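Notes follow the structure.
The values are calculated or read from the model by the stated rules, or taken from the named source; none is laboratory data. These figures come from a predicted structure and were not determined experimentally. Note that each Cβ is placed from the backbone with ideal geometry, even for glycine, and that neighbours are counted across all protein chains shown. Only protein heavy atoms, including side chains, enter the accessible area calculation; ligands, DNA and RNA are left aside. Shrake-Rupley method; radii C 1.70, N 1.55, O 1.52, S 1.80 Å.
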Amino acid sequence: MSDPRWNDVEAWIRERVIPDDDALTAAVERADAGGLPSVQVDPTMGKFLNLLARMTGAQRILEIGTLAGYSTIWLARALPADGRLITLEYDPEHAKVAEENIAAAGVGDLVDLRVGAALDELPRIAEAGEGPFDLVFIDADKDNQHNYLAWALDLTRVGSVIVGDNIVRGGRTLEDPENPSSQGMLRFMDLMAADPRVDATVLQTVGSKGWDGFALGLVVE
Ligand code: SAH
Ligand code: DHB
Ligand code: MG
């Protein structure tokens, strides 16, 4: 589902509050040149993640799903000089492009990219005591969205923020509930509802990526 007016409005927003940015433009160009899927967050969501990290004073950020590092760069730019962002990526080809983009954006010292399946890496992060994280951005394989929320809840503290991307997926989450990606989102929302450690909402979004939505959770206990 899309409507050309959503793109017009997104362009109008970008022209005013999201200046053109060489590092982010180059990151998308490298991703396209490498044949990576063009599913990074749109600029308005990237800026939102950056503002959210700054508003909450995040010093430690966990990202699940790096792709080419587009959202990573937005988030890393919000960190103080002694901050740290761990980002998890399964596909070595994506990770290679991401490393290049992250270095070229000048945030290489803040970012620790780990290549592997997130469900293998997350227990290592827990065992190594690398949490708690102030902000977790979940944006990897959709069928594991609920598993990533469970890990996020274990790796955060009261006051931490959890963002889950792609909750709505053009309406498919509700229209095609047996689809594995839908299952991940449905179970993610059921866990959000049932777990007393988190209070949450979902904001539906429209724009260049069509109709979607993201979950925003606050860890409360
Ligand atoms: N956050 C990125 C987009 C991520 S797209 C941005 O907005 O710029 C989803 C990414 O998750 C893809 O690169 C995909 O390879 C990765 N992924 C898929 N399965 C994964 C897994 N099991 N563990 C870690 N990453 C995974
Ligand atoms: C897909 C992944 C995403 O993270 C996203 O924001 C949109 C689409 C996908 O794999 O189709
Ligand atoms: Mg996404």
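Count charges around Arg14 for me, please; just the other residues with Cβ under 12 Å from its Cβ, Lys/Arg as +1, Asp/Glu as -1.
Net of charged neighbours comes to -4.
Identify the GluC sites (Glu not before Pro) of the stretch 130-203 meeting these criteria: DSSP loop state and at most 15 other C-beta atoms within 10 Å of the C-beta.
Glu130, Glu178
Tell me the net charge near Gly213. Cut-off is 10 Å between Cβ atoms, Gly213 excluded, with +1 for each Lys or Arg and -1 for each Asp or Glu.
Once all neighbours under 10 Å are counted, the net charge is -1.
Taking the chain as a Gaussian network, where each spring joins two C-alpha atoms under 10 Å apart, which residue of Asp199, Asp190, Asp143 fluctuates the most?
Evaluated over the chain, the most mobile residue of the options is Asp190.
Would you mind computing the Rg to Rh ratio of the stretch 93-166 from its alpha-carbon coordinates, Kirkwood style for Rh?
0.97
For Asp22, Asp154, Asp42, give the ranking by accessible area with the largest first, probe 1.4 Å.
Asp22, Asp154, Asp42
Which of the listed residues, Ala193, Ala117, Thr66, is farthest toward the dipole's positive end in the chain, when Lys, Arg count +1 and Asp, Glu count -1 at the beta-carbon?
Towards the positive end, the residue furthest out is Ala193.
May I have the pair-distance distribution P(r) for the chain, computed from all Cα-Cα distances with 10 Å bins from 0 and rounded to whole percent?
8, 34, 40, 17, 1
Per residue of the stretch 87-99, in order, report the coupling 6.51 cos²θ - 1.76 cosθ + 1.60 (Karplus, θ = phi - 60°) as ³J(HN,Hα) in whole Hz, putting x for Gly and Pro.
Along the stretch 87-99, the couplings run 10, 10, 9, 7, 8, x, 5, 5, 4, 5, 5, 4, 4 Hz.
Using the Karplus equation 6.51 cos²θ - 1.76 cosθ + 1.60 (θ = phi - 60°), what ³J(HN,Hα) coupling, rounded to whole Hz, does each residue of the stretch 192-198 give in order, writing x for Gly and Pro?
With coefficients 6.51, -1.76 and 1.60, one gets 4, 6, 8, 8, x, 6, 9 Hz.
Can you work out the accessible area per residue across the chain, with the rest of the protein chains kept in place, probe 1.4 Å, in square angstrom?
That works out to 48 Å² for each residue.
Given Cβ point charges of +1 (Lys, Arg) and -1 (Asp, Glu) and nothing else, what value in debye, to the nearest 20, does the dipole of the stretch 74-221 about its Cα centre take?
In debye, rounded to 20, the stretch 74-221 gives about 320.
Using a cut-off of 9 Å between beta-carbons, work out the net charge of the residues near Leu113 (Lys and Arg +1, Asp and Glu -1, Leu113 not included).
-2
Counting only protein heavy atoms and using a 1.4 Å probe, what share of the accessible area of the chain belongs to carbon plus sulfur, as a whole percent?
In the chain, the share of accessible area belonging to carbon and sulfur is 52 percent.
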